[in-house]
Amino acid sequence: MYRYDEFDAHFVSARVDQFRDQVQRRLAGDLTEEQFKPLRLMNGVYLQLHAYMLRIAIPYGTLNAVQMRRLAHVARTYDRGYGHFTTRQNIQFNWPRLKDIPEILSQLAEVEMHAIQTSGNCIRNVTADHFSGAAADEILDPRPYAEILRQWSSLHPEFSYLPRKFKIAVTGAPHDRAAVQVHDIGLQAVRDADGNVGFRVFVGGGLGRTPMVGRLVREFLPEADLLAYSEAILRVYNRYGRRDNKYKARIKILVHETGLEELKADIEAEFAEIRDGVLKLPASEIERITTYFDPPAFVAADGDEAVLEAAIAADPQLEAFAARNVHPHRAPGYASLTISLKPIGKAPGDATAEQMEVVADLAERYGHDEIRVSHEQNLVLPHVRRRDIPAIHAALVEAGLGEANAGLVTDIIACPGLDYCALATARSIPVAQRISERFGSPERQREIGDLKIKISGCINACGHHHVGHIGILGVEKKGEEYYQITLGGSADENTSVGEIIGRGFSYDEVVDAIEKVVDTYVGLRETPQEDFLAAYRRVGDQPFKEALYGTA
Amino acid sequence: MKALTANRLIDGEVVWLGRSGQWVETLASAWLLETPEAVAEAEAAGAEAEASRLIVEPYLIDLTREEGEIRPVRFREKIRARGPTVRPDLGKQARREVSAA
């Protein structure tokens, strides 16, 4: 993985010193809250319901064992023993004291981590496919490009005060696991007929109160132009994006209000001006960054598969785990493992300090020291030898992390919701927990098959409800929590925004309603292989409406 | 009936303005504001505490009396007064003794 050079190390440690000084000045009264708030937000510090919250960047979701252990240390020493992995592949701590945060950041800087640009109207942490550099279906590893984008966008002086926040996601596989079409810029790495690397570029996707699917603005952007073209998009956005209304300030609104063709022309005109300037990426620089992401030496041997098969034959729990949480790897004899942070009835995305340490140990011992955070709020060991899966599984089960539910009905995305978040209007986590318990039996989950439920506790949609096969949006109505259900959303290469099925349900009713939707699907699917989304797209919303509201 | 609430600057702890002007960590010790004069006085105290860097972003909340206990009207404020509903082991609800701020 990428290692800081001298410049990175100096830059991050200087930033910690600067923030330490800012906190001291705030506490001493030299800065008012109004002056301090934008400064703390630039360093990932929010004020939530019960306490401050610190959001730490995990660039493109990649970290190593030392970094994970440091997160565990922060959780134990400065927080309440756990952290929350987010839908942007970051981690949040829910209880830090303001006075401790400079020290936390200093300790994170020691292991090449920071909280820069995890908030504010800037280019946020770049996200990527969590199976990058490992997946069998990958065309190329998107992480070098995500890293190049990270370096370009870090404290970019021109883009530190954008009209609104700006999110970039990159995938290198035809099957999109990074939800690129619901990002401000979505990049899909491809190769042309001659083998040259480039990107399909989507602009203007996003969720929130105005969900929109990104529009394709470039079928093939040569890799050398990645930064110049990104800069052109940002310049057009920075110049024309609305600043009069924060709810209309994202680039998706600009795309919508300007029209795709005019905006494309603006971007191309800007791009023509700068494409041959300093932002042209030399092949040598791409190569230099790419070497940081060279795959480890894979050493599978004959007989590996027999070891795994024998263990599976003897252990039904392992069999279920292998069926759901093991993803095909590009190297023979290897796999990528999903470590579910969705144990039945638990808060999605939460991990204790002890669990983080177990994952760190496993990554070091079996996983070439690599860990990923997925936007679906799970952890991933991208490179494990298949013969080691039984041993890893046993350790995970012992740590309470062995749930074999990746991609199933209980693998729910949920934002922190009203239990923690100052913006939320309803709770998300306990709804996820109750759904998880309702469908918790392994047999029932397997019978239902692939199903993505995503829950947000307010219209800002951090829980990605718009792109859940089943989406749940919590709102406040007359002082009570109410939940709107949307169906048919998806965030893969066939992205779609779910449609509201009808009137909402109370906190007490919503789990029954979800069960009716799921049972209706199971009853009408043509084969067990027809997943929820395919069935919904075939039959439309009518059968679900009838099940939920009757025919009247 | 109202109370004035805020978060403490140094650590983010949820606090309410207490009866004798201190900032307290439990709603039970909060000053119950039942007249416009009391509200005005509390708001002035809030502004002063903000200026002297004790608290941030003070605001008024509505309270009601339920089964003899004072409770916030809004669910959000109930959660602030207790802690996350999903983690009874955390937040104020998990504490046995709470000292005044």
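The values are calculated or read from the model by the stated rules, or taken from the named source; none is laboratory data. Please read these numbers as outputs of a predicted model, since none were measured by experiment. Methodologically, a virtual Cβ is constructed for each residue, glycine included, from the backbone with ideal geometry; neighbour enumeration extends over all protein chains shown.
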Practice task
Look through A:VAL431, A:VAL497 and report the one residue that is out of contact with any His (no Cβ under 7 Å at 6 or more places or on another chain) and not acidic (Asp, Glu).
Solution key: A:VAL431
Practice task
Hey, can you tell me all the residues within the range B:30-44 that are crowded, with 18+ Cβ neighbours inside 10 Å and either farther than 20 Å from B:ALA81 by Cα or not aromatic (Phe, Trp, Tyr) (or both)?
Solution key: B:ALA30, B:LEU33, B:ALA42
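Where residues in the range B:1-28 are at pLDDT below 95 and small (Gly, Ala, Ser), which of them is nearest to the chain's Cα centre (by Cα)?
B:ALA28
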Exercise for the section: Scan the range A:155-207 for residues that are more than 26 Å from A:HIS256 (Cβ to Cβ) and touching a Ser or Thr at 6+ places or on another chain (Cβ under 8 Å) and jot them down. Expected result: A:GLY172, A:ARG177, A:ALA189
Fill in the blank from the handout: Result of the Cβ filter at 8 Å on the range B:65-88, keeping first residues that are within 7 Å of chain A (Cβ to nearest Cβ) and hydroxyl-bearing (Ser, Thr, Tyr) and partners that are crowded, with 19+ Cβ neighbours inside 10 Å and outside any helix (DSSP H, G or I), at least 6 apart or interchain, is B:THR85/A:ARG427
Completion exercise
Over the range B:1-23, the set of residues within 14 Å of chain A (Cβ to nearest Cβ) and in contact (Cβ under 8 Å) with a residue 24 or more places away in the chain is B:THR5, B:ALA6, B:ASN7, B:ARG8, B:LEU9, B:GLU13, B:VAL14, B:VAL15
Problem - Residue list for the range A:1-48, filter: of a type in the set (Phe, Trp, Tyr) and more than 21 Å from A:MET113 (Cα to Cα) - result: A:PHE36
Completion exercise
With criteria (1) under 22 Å from A:VAL380 (Cα atoms); (2) in contact (Cβ under 8 Å) with a residue 40 or more places away in the chain; (3) within 18 Å of the chain's Cα centre (by Cα), A:ILE139 comes up short on (3)
Handout entry: Selected residue [within 25 Å of the chain's Cα centre (by Cα), surrounded by fewer than 21 Cβ atoms within 10 Å (Cβ to Cβ), part of a helix (DSSP H, G or I) and not acidic (Asp, Glu)] from A:TYR247, A:TYR237, A:TYR229
Key = A:TYR247
Completion exercise
Filter the range B:1-29 for residues that are over 24 Å from A:ASN94 (Cβ atoms) and charged (D, E, K, R); the one that is surrounded by the most Cβ atoms within 10 Å (Cβ to Cβ) is B:LYS2
Problem - Cβ pairs under 8 Å, 6+ apart, first in the range A:9-36 and of a type in the set (Gly, Ala, Ser), second assigned to a helix (DSSP H, G or I) - result: A:ALA9/A:ALA109; A:SER13/A:SER106; A:SER13/A:ALA109
Fill in the blank from the handout: Note on the range A:204-219: residues under 23 Å from A:GLY468 (Cβ atoms), buried (at least 18 other Cβ atoms within 10 Å of the Cβ) and of a type outside the set (Gly, Ala, Ser) are A:LEU207, A:PRO211, A:MET212, A:VAL213, A:ARG215
Problem - Matching residues in the range B:24-51 - criterion: being in a loop (DSSP other than H, G, I, E, B) and within 13 Å of another protein chain (Cβ to nearest Cβ) - result: B:GLU25
Handout entry: the range B:52-93, residues that are outside any loop (DSSP other than H, G, I, E, B), aliphatic (A, V, I, L, M) and modelled with pLDDT of 95 or more
Key = B:ILE55, B:VAL56, B:LEU60, B:ILE61, B:LEU63, B:ILE79, B:ALA81
Fill in the blank from the handout: When the range A:160-187 is checked residue by residue, the ones that are within 25 Å of A:PHE220 (Cα to Cα) and either more than 19 Å from the chain's Cα centre (by Cα) or part of a helix (DSSP H, G or I) (or both) are A:VAL180, A:GLN181, A:VAL182
Exercise for the section: Of the numbered conditions (1) over 26 Å from A:TYR482 (Cα atoms); (2) within 13 Å of chain A (Cβ to nearest Cβ); (3) touching a Phe, Trp or Tyr at 6+ places or on another chain (Cβ under 9 Å); (4) touching a residue at least 40 places away in the same chain (Cβ under 8 Å), B:PRO58 fails exactly one; give the number of that condition. Expected result: (3)
Practice task
With respect to A:GLU499, determine if the residue is modelled with pLDDT of 95 or more and surrounded by fewer than 19 Cβ atoms within 10 Å (Cβ to Cβ).
Solution key: yes
